[in-house]
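Everything on this sheet refers to the single structure shown next.
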Amino acid sequence: MNISTKSGYVSIVGKTNAGKSTLLNNILGQKIAITSRKPQTTRHRFLGIKTINQCQIVFVDTPGFHTGQKRALNLHMNKIAVNSMKGVDIVLYVLDGLKWNDEDRAKVESIPADTIKILIINKIDKLNDKNMLLPFIEELNRQNSFDSIVPISALKNLGVDDLLCLIEENLPEGEHLYPKNQITNISEKFLASEIIREKCINRIGDELPYRISVTIENFNELENITHINSVIYVEKESQKGMLIGQSGSMLKSIGTSSRKELENLLDTKVMLKTWVKVKKGWSDNEALLPSLGYDLDK
Ligand SMILES: Nc1nc2c(ncn2[C@@H]2O[C@H](COP(=O)(O)OP(=O)(O)OP(=O)(O)O)[C@@H](O)[C@H]2O)c(=O)[nH]1
Ligand SMILES: [Mg+2]
(Lines give C-alpha, C1' and ligand atoms only; values in the text may rest on other atoms or scores of the structure.)
(Ligands and ions follow the chains in the order given, each with its own letter.)
Protein backbone atom coordinates (compact mmCIF):
# COMPACT_ATOMS: atom_id res chain seq x y z
CA MET A 1 0.00 0.00 0.00
CA ASN A 2 1.33 3.41 -0.90
CA ILE A 3 0.67 5.74 2.03
CA SER A 4 1.32 9.33 1.05
CA THR A 5 3.74 11.35 3.16
CA LYS A 6 3.59 14.99 4.18
CA SER A 7 6.40 17.42 4.87
CA GLY A 8 7.11 21.13 5.02
CA TYR A 9 8.83 24.06 6.65
CA VAL A 10 7.21 25.89 9.55
CA SER A 11 8.85 29.13 10.71
CA ILE A 12 8.42 30.21 14.32
CA VAL A 13 8.61 34.00 14.36
CA GLY A 14 7.53 36.89 16.57
CA LYS A 15 8.85 39.51 18.92
CA THR A 16 11.79 38.68 21.12
CA ASN A 17 10.93 36.84 24.35
CA ALA A 18 7.54 35.59 23.11
CA GLY A 19 8.51 31.98 23.86
CA LYS A 20 9.46 30.70 20.37
CA SER A 21 12.43 28.61 21.47
CA THR A 22 10.54 27.27 24.49
CA LEU A 23 7.81 26.12 22.10
CA LEU A 24 10.30 24.42 19.79
CA ASN A 25 12.01 22.57 22.68
CA ASN A 26 8.65 21.48 24.01
CA ILE A 27 7.54 20.12 20.63
CA LEU A 28 10.80 18.22 20.14
CA GLY A 29 10.88 16.96 23.73
CA GLN A 30 14.52 17.97 23.80
CA LYS A 31 16.45 21.17 24.34
CA ILE A 32 18.11 22.31 21.14
CA ALA A 33 17.45 26.04 21.62
CA ILE A 34 18.57 28.04 24.62
CA THR A 35 15.95 30.20 26.32
CA SER A 36 15.99 32.96 28.88
CA ARG A 37 13.77 35.54 30.50
CA LYS A 38 15.98 38.22 28.90
CA PRO A 39 15.18 39.32 25.32
CA GLN A 40 17.27 38.62 22.20
CA THR A 41 18.38 35.18 23.28
CA THR A 42 18.24 33.40 19.90
CA ARG A 43 20.72 34.85 17.40
CA HIS A 44 20.68 32.27 14.62
CA ARG A 45 18.18 30.49 12.42
CA PHE A 46 18.18 26.72 12.85
CA LEU A 47 15.97 23.71 12.36
CA GLY A 48 14.08 21.45 14.72
CA ILE A 49 12.66 18.42 12.94
CA LYS A 50 9.61 16.51 14.17
CA THR A 51 8.66 13.34 12.36
CA ILE A 52 5.32 11.88 13.38
CA ASN A 53 4.51 8.75 11.38
CA GLN A 54 3.94 9.88 7.77
CA CYS A 55 4.37 13.54 8.56
CA GLN A 56 7.62 15.49 8.87
CA ILE A 57 7.47 19.05 10.20
CA VAL A 58 10.67 21.06 9.80
CA PHE A 59 10.48 23.91 12.29
CA VAL A 60 12.67 26.98 11.89
CA ASP A 61 13.58 28.79 15.13
CA THR A 62 14.47 32.43 14.58
CA PRO A 63 15.74 35.47 16.46
CA GLY A 64 12.89 37.61 17.80
CA PHE A 65 11.96 40.91 16.18
CA HIS A 66 13.17 43.88 18.18
CA THR A 67 13.38 47.58 17.55
CA GLY A 68 15.35 50.47 18.97
CA GLN A 69 18.76 48.88 18.63
CA LYS A 70 20.84 49.56 15.60
CA ARG A 71 24.01 47.56 16.23
CA ALA A 72 25.23 45.33 13.41
CA LEU A 73 24.25 42.24 15.40
CA ASN A 74 20.71 43.53 15.97
CA LEU A 75 20.28 44.37 12.29
CA HIS A 76 21.56 40.93 11.35
CA MET A 77 19.16 39.21 13.77
CA ASN A 78 16.14 41.16 12.52
CA LYS A 79 17.12 40.38 8.94
CA ILE A 80 17.21 36.65 9.69
CA ALA A 81 13.75 36.89 11.25
CA VAL A 82 12.29 38.75 8.25
CA ASN A 83 13.84 36.33 5.76
CA SER A 84 12.59 33.34 7.74
CA MET A 85 9.01 34.25 6.88
CA LYS A 86 9.67 33.68 3.17
CA GLY A 87 9.76 30.41 1.30
CA VAL A 88 8.10 28.34 4.03
CA ASP A 89 4.77 26.53 4.08
CA ILE A 90 3.48 27.80 7.41
CA VAL A 91 4.38 30.75 9.64
CA LEU A 92 3.63 30.51 13.35
CA TYR A 93 3.53 34.11 14.56
CA VAL A 94 4.02 33.91 18.34
CA LEU A 95 2.70 36.54 20.77
CA ASP A 96 3.64 37.03 24.40
CA GLY A 97 0.12 36.83 25.83
CA LEU A 98 -2.18 39.54 24.52
CA LYS A 99 0.62 41.91 23.49
CA TRP A 100 -0.12 42.87 19.91
CA ASN A 101 0.63 46.19 18.21
CA ASP A 102 1.16 47.83 14.82
CA GLU A 103 4.66 46.36 14.51
CA ASP A 104 3.18 42.88 14.74
CA ARG A 105 0.50 43.79 12.21
CA ALA A 106 3.10 45.08 9.74
CA LYS A 107 5.17 41.90 10.10
CA VAL A 108 2.14 39.68 9.63
CA GLU A 109 1.07 41.66 6.56
CA SER A 110 4.50 41.08 5.03
CA ILE A 111 4.11 37.29 5.09
CA PRO A 112 3.67 36.06 1.49
CA ALA A 113 0.01 35.51 0.58
CA ASP A 114 0.37 31.82 -0.26
CA THR A 115 1.77 31.00 3.21
CA ILE A 116 -0.48 29.61 5.93
CA LYS A 117 -0.52 32.03 8.86
CA ILE A 118 -1.20 30.73 12.35
CA LEU A 119 -1.21 33.19 15.22
CA ILE A 120 -0.06 31.68 18.50
CA ILE A 121 -1.13 33.37 21.70
CA ASN A 122 1.51 32.03 24.09
CA LYS A 123 1.85 32.21 27.88
CA ILE A 124 -1.88 31.79 28.51
CA ASP A 125 -0.92 30.26 31.86
CA LYS A 126 -0.08 33.73 33.13
CA LEU A 127 -3.03 35.69 31.77
CA ASN A 128 -4.44 37.78 34.60
CA ASP A 129 -7.93 37.82 33.19
CA LYS A 130 -8.83 34.76 31.12
CA ASN A 131 -12.06 36.49 30.04
CA MET A 132 -9.97 38.79 27.85
CA LEU A 133 -8.85 35.94 25.60
CA LEU A 134 -11.99 35.37 23.55
CA PRO A 135 -12.67 39.06 22.71
CA PHE A 136 -8.96 39.44 21.83
CA ILE A 137 -9.15 36.51 19.40
CA GLU A 138 -12.39 37.83 17.88
CA GLU A 139 -10.89 41.28 17.37
CA LEU A 140 -7.72 39.92 15.76
CA ASN A 141 -9.81 37.70 13.49
CA ARG A 142 -11.83 40.71 12.42
CA GLN A 143 -8.76 42.77 11.58
CA ASN A 144 -6.46 40.16 10.05
CA SER A 145 -6.46 37.16 7.78
CA PHE A 146 -5.04 34.41 9.96
CA ASP A 147 -5.80 30.87 8.94
CA SER A 148 -6.07 30.03 12.65
CA ILE A 149 -5.49 31.56 16.06
CA VAL A 150 -4.31 29.15 18.74
CA PRO A 151 -3.88 29.95 22.45
CA ILE A 152 -1.15 27.88 24.13
CA SER A 153 1.30 27.73 26.95
CA ALA A 154 4.61 26.50 25.60
CA LEU A 155 6.04 26.28 29.11
CA LYS A 156 3.15 24.36 30.66
CA ASN A 157 2.44 22.34 27.54
CA LEU A 158 -1.14 23.55 27.11
CA GLY A 159 -2.61 23.40 23.61
CA VAL A 160 0.64 22.24 22.00
CA ASP A 161 -0.74 18.86 20.85
CA ASP A 162 -3.71 20.58 19.19
CA LEU A 163 -1.29 22.95 17.50
CA LEU A 164 0.69 20.01 16.11
CA CYS A 165 -2.51 18.44 14.72
CA LEU A 166 -3.38 21.73 13.06
CA ILE A 167 0.09 21.97 11.49
CA GLU A 168 -0.16 18.36 10.26
CA GLU A 169 -3.51 19.09 8.62
CA ASN A 170 -2.07 22.08 6.79
CA LEU A 171 1.19 20.53 5.65
CA PRO A 172 1.49 19.73 1.92
CA GLU A 173 2.02 16.22 0.64
CA GLY A 174 5.63 15.47 -0.09
CA GLU A 175 8.63 13.28 0.58
CA HIS A 176 10.36 13.65 3.91
CA LEU A 177 13.27 16.07 3.74
CA TYR A 178 15.44 14.61 6.52
CA PRO A 179 16.11 11.13 7.93
CA LYS A 180 13.40 10.19 10.42
CA ASN A 181 15.75 10.16 13.45
CA GLN A 182 17.30 13.56 12.76
CA ILE A 183 15.96 16.27 15.06
CA THR A 184 18.09 19.27 14.16
CA ASN A 185 20.70 20.64 11.77
CA ILE A 186 22.89 22.17 14.47
CA SER A 187 26.11 20.52 15.57
CA GLU A 188 26.95 19.48 19.11
CA LYS A 189 29.77 22.02 18.91
CA PHE A 190 27.35 24.85 18.17
CA LEU A 191 24.98 23.68 20.91
CA ALA A 192 27.91 23.67 23.35
CA SER A 193 28.61 27.33 22.57
CA GLU A 194 24.94 28.16 23.05
CA ILE A 195 24.73 26.37 26.41
CA ILE A 196 27.74 28.31 27.68
CA ARG A 197 26.14 31.55 26.46
CA GLU A 198 22.90 30.64 28.23
CA LYS A 199 24.74 30.09 31.52
CA CYS A 200 26.36 33.52 31.08
CA ILE A 201 23.02 35.22 30.32
CA ASN A 202 21.41 33.70 33.42
CA ARG A 203 24.13 34.91 35.74
CA ILE A 204 24.95 38.42 34.63
CA GLY A 205 23.20 41.80 34.68
CA ASP A 206 20.79 43.01 32.05
CA GLU A 207 23.20 44.71 29.61
CA LEU A 208 26.07 42.25 29.42
CA PRO A 209 24.21 39.42 27.61
CA TYR A 210 24.19 41.53 24.45
CA ARG A 211 27.95 42.05 24.60
CA ILE A 212 28.80 38.37 24.87
CA SER A 213 29.53 35.87 22.15
CA VAL A 214 30.87 32.35 22.65
CA THR A 215 33.04 30.34 20.29
CA ILE A 216 34.35 26.79 20.58
CA GLU A 217 38.03 26.58 19.69
CA ASN A 218 38.42 22.87 20.23
CA PHE A 219 35.87 20.04 20.41
CA ASN A 220 37.69 16.76 20.68
CA GLU A 221 35.67 13.60 21.32
CA LEU A 222 37.78 10.81 22.80
CA GLU A 223 36.45 7.43 23.85
CA ASN A 224 35.57 8.33 27.46
CA ILE A 225 35.77 12.10 27.53
CA THR A 226 35.16 15.10 25.31
CA HIS A 227 37.58 18.03 25.57
CA ILE A 228 35.99 21.40 24.87
CA ASN A 229 37.86 24.71 24.82
CA SER A 230 35.71 27.79 24.58
CA VAL A 231 36.20 31.52 24.46
CA ILE A 232 33.65 33.98 25.76
CA TYR A 233 34.13 37.28 23.94
CA VAL A 234 33.15 40.59 25.51
CA GLU A 235 33.60 44.13 24.24
CA LYS A 236 35.54 45.84 27.04
CA GLU A 237 38.04 45.08 29.81
CA SER A 238 35.46 46.09 32.45
CA GLN A 239 33.04 43.47 31.07
CA LYS A 240 35.77 40.86 31.22
CA GLY A 241 36.16 41.59 34.93
CA MET A 242 32.42 41.22 35.53
CA LEU A 243 32.31 37.91 33.74
CA ILE A 244 35.28 36.47 35.57
CA GLY A 245 33.98 37.70 38.95
CA GLN A 246 35.72 37.92 42.30
CA SER A 247 38.61 35.44 42.37
CA GLY A 248 37.15 33.87 39.23
CA SER A 249 33.94 32.84 40.99
CA MET A 250 31.56 33.89 38.19
CA LEU A 251 33.49 32.13 35.46
CA LYS A 252 33.80 29.05 37.62
CA SER A 253 30.04 28.93 38.16
CA ILE A 254 29.41 29.37 34.40
CA GLY A 255 31.93 26.62 33.62
CA THR A 256 30.58 24.14 36.16
CA SER A 257 26.96 24.42 35.17
CA SER A 258 27.83 24.37 31.45
CA ARG A 259 29.95 21.25 31.94
CA LYS A 260 27.16 19.45 33.82
CA GLU A 261 24.62 20.18 31.11
CA LEU A 262 27.06 19.20 28.37
CA GLU A 263 27.87 15.90 30.10
CA ASN A 264 24.17 15.15 30.23
CA LEU A 265 23.65 16.11 26.63
CA LEU A 266 26.67 14.33 25.18
CA ASP A 267 26.35 11.40 27.55
CA THR A 268 30.06 11.43 28.34
CA LYS A 269 32.48 13.12 30.68
CA VAL A 270 33.45 16.61 29.58
CA MET A 271 36.62 18.57 30.26
CA LEU A 272 35.60 22.19 29.65
CA LYS A 273 38.10 25.03 29.59
CA THR A 274 36.82 28.57 29.23
CA TRP A 275 38.65 31.79 28.54
CA VAL A 276 37.29 35.34 28.48
CA LYS A 277 38.71 37.65 25.81
CA VAL A 278 38.00 41.19 24.66
CA LYS A 279 37.08 41.88 21.03
CA LYS A 280 36.50 45.61 21.06
CA GLY A 281 33.01 46.62 19.93
CA TRP A 282 32.38 43.31 18.13
CA SER A 283 28.57 43.55 18.24
CA ASP A 284 28.56 46.71 16.15
CA ASN A 285 31.28 45.67 13.74
CA GLU A 286 29.98 43.89 10.65
CA ALA A 287 33.49 42.80 9.70
CA LEU A 288 33.95 40.93 12.98
CA LEU A 289 30.61 39.12 13.05
CA PRO A 290 31.51 36.26 10.67
CA SER A 291 34.57 35.39 12.77
CA LEU A 292 32.21 34.87 15.71
CA GLY A 293 29.93 32.53 13.77
CA TYR A 294 27.32 34.98 12.44
CA ASP A 295 26.58 34.14 8.84
CA LEU A 296 25.75 37.48 7.26
CA ASP A 297 24.36 35.90 4.09
CA LYS A 298 21.30 34.64 5.96
N1 LIG B 1 4.72 31.71 31.92
C2 LIG B 1 5.21 31.33 30.73
N3 LIG B 1 6.45 31.67 30.37
C4 LIG B 1 6.89 31.26 29.15
C5 LIG B 1 6.09 30.51 28.26
N6 LIG B 1 6.80 30.28 27.14
C7 LIG B 1 8.01 30.85 27.34
N8 LIG B 1 8.07 31.43 28.55
C9 LIG B 1 9.21 32.16 29.13
O10 LIG B 1 9.46 33.32 28.34
C11 LIG B 1 10.86 33.61 28.34
C12 LIG B 1 11.34 33.72 26.90
O13 LIG B 1 11.27 32.45 26.31
P14 LIG B 1 12.12 32.10 25.00
O15 LIG B 1 11.66 30.76 24.55
O16 LIG B 1 13.56 32.31 25.24
O17 LIG B 1 11.58 33.22 24.02
P18 LIG B 1 12.01 33.52 22.50
O19 LIG B 1 10.78 33.99 21.80
O20 LIG B 1 12.70 32.35 21.93
O21 LIG B 1 13.01 34.74 22.72
P22 LIG B 1 14.16 35.29 21.71
O23 LIG B 1 15.02 34.12 21.34
O24 LIG B 1 14.87 36.28 22.55
O25 LIG B 1 13.46 35.91 20.55
C26 LIG B 1 11.52 32.48 29.14
O27 LIG B 1 11.74 32.93 30.45
C28 LIG B 1 10.50 31.36 29.09
O29 LIG B 1 10.57 30.47 30.19
C30 LIG B 1 4.76 30.17 28.68
O31 LIG B 1 3.99 29.51 28.00
N32 LIG B 1 4.39 30.61 29.91
MG1 LIG C 1 14.56 32.14 21.10
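The values are calculated or read from the model by the stated rules, or taken from the named source; none is laboratory data. Because the structure is a prediction, the values reported are computed rather than measured. Neighbour counts run over all protein chains shown; Cβ positions are idealised from the backbone, glycine included. Side chains included, ligands, DNA and RNA excluded: accessible areas come from the protein's heavy atoms. Shrake-Rupley method; radii C 1.70, N 1.55, O 1.52, S 1.80 Å.
Pull up the cross-link candidates among the lysines for Lys6, meaning alpha carbon to alpha carbon under 24 Å and not fewer than 8 places away within one chain. Partners within reach: Lys20, Lys50, Lys86, Lys117, Lys180. Each other residue within a Cβ distance under 11 Å of Trp275 adds +1 if Lys or Arg and -1 if Asp or Glu, for a net charge of +2. Proximity of backbone amide H atoms, modeled 1.01 Å from N, is registered between Gln56 and Lys6, Ser7, Gly8 at under 5 Å, excluding neighbours fewer than 5 places apart on the same chain. When peptides 194-204, 138-148 are sorted by average Cβ neighbour count within 10 Å, with the highest value leading, the order is 194-204, 138-148. Averaging over all projection directions, the Cα-based convex hull of the chain occupies 17.6 nm² in the image plane. Amide H to amide H, with H built 1.01 Å from N, Val150 comes under 5 Å of Leu119, Ile120, Ile121, counting only residues 5 or more places away or on other chains.
Just to confirm the number: angle between the C-alpha axis of helix 72-83 and the first principal axis of the chain, 0 to 90 degrees, nearest 10? So the inclination is approximately 30 degrees.
Within region 143-287, the percentage of alpha carbon pairs spaced more than 20 angstrom apart rounds to 62%. About its Cα centre, the dipole of the chain is roughly 1220 debye, where the only charges are +1 on Lys and Arg Cβ and -1 on Asp and Glu Cβ. Rounded to the nearest Hz, the phi-derived 3J(HN,Hα) couplings of region 104-116 under the Karplus curve 6.51 cos²θ - 1.76 cosθ + 1.60 (θ = phi - 60°) are 4, 4, 4, 5, 4, 5, 7, 6, x, 4, 7, 9, 6, where x marks glycine and proline. The magnitude of the dipole of region 188-292, with charges of +1 and -1 set on the Cβ of Lys/Arg and Asp/Glu and taken from the Cα centre, is near 420 debye. Here the Karplus relation 6.51 cos²θ - 1.76 cosθ + 1.60, evaluated at θ = phi - 60°, turns the backbone of region 144-154 into coupling constants of 10, 10, 6, 6, 7, 10, 10, x, 9, 10, 5 Hz, with x for every Gly and Pro. Start at zero, step by 10 Å, and the Cα-Cα distances of region 35-148 spread as 11, 39, 36, 12, 0 percent across the bins.
Counting other C-beta atoms within 10 Å, and keeping those with at most 16, which DSSP coil GluC sites (Glu not before Pro) do you find in region 249-298?
Glu286
With the charge dipole of region 89-219 set up from +1 on Lys and Arg Cβ and -1 on Asp and Glu Cβ about the Cα centre, the Cα lying farthest toward the positive end among the listed residues Leu171, Asn122, Tyr210 is that of Tyr210. For region 215-287, the per residue solvent-accessible surface stands at 59 Å², with DNA, RNA and ligands left out and a 1.4 Å probe.
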